[in-house]
Amino acid sequence: MEINLISDTVTRPTPGMLKAMMQARVGDDVFKEDPTVTALEEKVAAYFGMESALFFPSGTMANQTGIKYHTRPGDQLICDKYAHVYNYEGGGVSFNSGVSCKLVDGERGMMRAEQVEDAINPPDFYHSPRTRLVCIENTTNKGGGACWDTEELRKIRAVCDKHGLALHLDGARIWNALANGAGTPAFFGETFDTISVCLSKGLGCPVGSLLVGSREAMDEALRIRKVLGGGMRQAGYLAAAGIYALDHHIDRLGEDHQKAREIGELLSSLDFVRYVAPVETNIVIFELDTPRASDSDLVEKLGQQGIRLIGMGQGKLRMVTHLDYTDRMHERVLEILSGISL
Ligand SMILES: *Cc1c(COP(=O)(O)O)cnc(C)c1O
C-alpha cells in the first residue's frame with residue numbers, strides 16, 4: 001500500500017467524479033461556448049457572492065492573473081515572507097507583472113494589519129516603488145495550514161481602503177478555512193477584490209482553479225489569461241469535475257483535518273520530534289530533534305514502509321492529508337510512526 005502524504009494535490013478523480021466528467025456537455029470555451037465551464041464559473045461566483053469568475057488551468061495562473069490585473073510594472077505588492085506567490089510561482093510576480101514583493105515577517109504566514117500598513121511606501125516618495133496590492137494566503141501553505149483571524153482581515157481591508165490598495169486572496173485552500181468556520185464565503189467575497197481558489201487540492205479534482213471578482217476585473221482577466229496561454233477549449237470535462245467536487249467534497253474536509261490533528265498529536269509524543277506546528281487544517285509541519293535525528297533518515301525509513309512525505313527546507317517536514325488518504329492508511333501511518341526509532 002503506497003501512502004502519499006506529500007500534498008493534497010496527489011488525489012485521483014473518484015468514480016463519481018469521473019462519471020460526471022465523462023457526461024459533461026462541452027463546447028469551445030475560448031469562444032465562451034462551453035456550458036459546463038460557464039456553469040462552474042457562475043457557481044463559484046455565486047458561492048462567494050461576487051459578480052464573476054474565470055476558470056484557469058492552475059492556481060499559479062489564477063494568482064498571476066490577479067496580480068497582473070491589479071498592478072503596473074514597477075509597482076510593489078505586500079505579502080508574508082512565506083507567501084506562495086513569492087516562493088513557489090517561479091518568480092512570476094516579476095516575470096509576468098514587473099512587480100516586486102515587500103515581504104512581511106508574519107506569524108505562520110499571517111501578517112498583522114499594522115505590519116501591512118508599515119510596509120506601504122509613501123506614495124509621494126517617488127524613489128521607492130509604488131505600493132499597489134496586498135496578497136493574503138488562506139489557509140497558509142508554508143505556514144502549516146493556518147487560518148486567518150477574520151477580524152485581522154477586516155483591519156487589513158481597512159488599511160487597503162485608507163491607502164487605495166487592492167486586496168487579493170490566494171485561496172488555494174480557502175475550503176479548508178471555511179470548513180473550520182474561519183469566515184464565510186460571503187465574508188471573503190466582501191473583503192477581497194479578487195480571490196483565487198483551487199479545485200485540485202482538498203476538493204480532489206485533477207486540474208483546475210478559478211479567479212473570482214467583479215465583472216470588470218474578470219473581463220480584463222480574460223485577456224490576461226489569453227496572453228498567459230490559459231485559454232482552453234473543451235474544458236467542460238475539467239469543469240464538470242469541479243462542479244462535482246463543490247457538491248460532494250466540501251462537507252468531508254473535516255475528516256482530513258481530524259486525521260491531520262491525530263498525526264500531529266502522535267508526532268508530538270515522539271522523542272525525536274522537536275516541534276510540531278499547531279495543526280488547524282490538513283497540513284502537519286514538524287521539525288526533528290537534529291542533529292540526533294535527520295530529516296533524510298525519517299523520509300527514507302517511512303519511504304521503505306510505503307509512506308511518502310516531503311521536506312520543506314530549513315529542517316521542516318510536511319505531511320498533508322487528503323481525499324485519497326483513507327481510514328486504513330491512517331491507521332497504518334499512526335502504527336508505523338509510533339513504532340519508528342531514529
Ligand atoms: C497549490 C497552491 C497554489 C497554486 O498552485 P498550482 O500548483 O499552480 O495550482 C497557490 N497558492 C497556494 C497557497 C497553494 O498551495
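The values are calculated or read from the model by the stated rules, or taken from the named source; none is laboratory data. These figures come from a predicted structure and were not determined experimentally. So basically every Cβ, Gly included, is an ideal-geometry build from the backbone, and we count neighbours across all protein chains shown.
Given the conditions (1) in contact (Cβ under 8 Å) with a residue 12 or more places away in the chain; (2) in a loop (DSSP other than H, G, I, E, B); (3) within 16 Å of the ligand (Cβ to nearest atom), and given that LEU178 satisfies all but one, which numbered condition is not satisfied?
(2)
Could you please find all residues in the range 266-283 being among the charged types (D, E, K, R) and either crowded, with 19+ Cβ neighbours inside 10 Å or within 25 Å of LEU203 (Cα to Cα) (or both)?
The one that is among the charged types (D, E, K, R) and either crowded, with 19+ Cβ neighbours inside 10 Å or within 25 Å of LEU203 (Cα to Cα) (or both): GLU280.
Taking the range 121-167, which residues are closer than 30 Å to HIS322 by Cα, more than 11 Å from the ligand (Cβ to nearest atom) and part of a strand (DSSP E or B)?
VAL134, LEU167
Over 19 Å from the mean Cα position of the chain (by Cα) and either under 21 Å from ASP80 (Cβ atoms) or assigned to a helix (DSSP H, G or I) (or both): does that describe ASP170?
Taking the combined requirement at face value, the residue does not satisfy it.
Can you run down the residue pairs with Cβ atoms below 6 Å, 6 or more apart or on separate chains, where the first is in the range 80-97 and in contact (Cβ under 8 Å) with a residue 60 or more places away in the chain and the partner is within 13 Å of the ligand (Cβ to nearest atom) and assigned to a loop (DSSP other than H, G, I, E, B)?
Within 6 Å, the pairs are ASP80/GLY109; TYR82/GLY109; TYR82/LYS142; TYR82/GLY143; HIS84/ASN141.
In the range 229-256, which residues are crowded, with 19+ Cβ neighbours inside 10 Å and within 16 Å of the ligand (Cβ to nearest atom)?
Passing the criteria: GLY230, MET232, ALA235, LEU238, ALA239, ALA241, GLY242, ALA245, LEU253, ASP256.
Against the conditions (1) modelled with pLDDT of 95 or more; (2) under 30 Å from PRO57 (Cβ atoms); (3) hydrophobic (A, V, I, L, M, F, W, C), where does ALA277 fall short? Just the number, please.
So ALA277 meets the others, but not (2).
Can you tell me how many residues in the range 54-73 are of a type in the set (Val, Ile, Thr) and over 17 Å from the mean Cα position of the chain (by Cα)?
Residues meeting the conditions: 1.
For the range 97-108, state whether one or more residues are among the charged types (D, E, K, R), closer than 19 Å to ILE156 by Cα, touching a Pro at 6+ places or on another chain (Cβ under 9 Å) and within 16 Å of the ligand (Cβ to nearest atom).
Scanning the range 97-108 turns up at least one residue that is among the charged types (D, E, K, R), closer than 19 Å to ILE156 by Cα, touching a Pro at 6+ places or on another chain (Cβ under 9 Å) and within 16 Å of the ligand (Cβ to nearest atom).
Give the number of residues within the range 40-69 that are under 18 Å from ILE224 (Cα atoms) and either within 16 Å of the ligand (Cβ to nearest atom) or out of contact with any Lys or Arg (no Cβ under 6 Å at 6 or more places or on another chain) (or both).
Of the residues in that region, 18 qualify.
If only one of VAL26, VAL30 is in contact (Cβ under 8 Å) with a residue 12 or more places away in the chain and within 15 Å of GLY208 (Cβ to Cβ), which one is it?
VAL26
Among VAL116, VAL93, which is closer than 24 Å to GLY229 by Cα and more than 16 Å from the chain's Cα centre (by Cα)?
After ruling out the rest, the residue left standing is VAL93.
Tell me whether the range 306-326 contains one or more residues that are over 30 Å from MET61 (Cβ atoms), within 26 Å of the chain's Cα centre (by Cα) and not hydroxyl-bearing (Ser, Thr, Tyr).
Yes.
Filter the range 70-90 down to residues that are outside any loop (DSSP other than H, G, I, E, B) and under 21 Å from LEU199 (Cβ atoms) and give me whichever is farthest from the ligand (Cβ to nearest atom).
Out of the qualifying residues, it is VAL85.
Report whether or not ALA53 is within 21 Å of LEU199 (Cα to Cα), in contact (Cβ under 8 Å) with a residue 60 or more places away in the chain, in contact with a strand residue (DSSP E or B) (Cβ under 7 Å, 6 or more places away or on another chain) and among the small types (Gly, Ala, Ser).
Taking the combined requirement at face value, the residue satisfies it.
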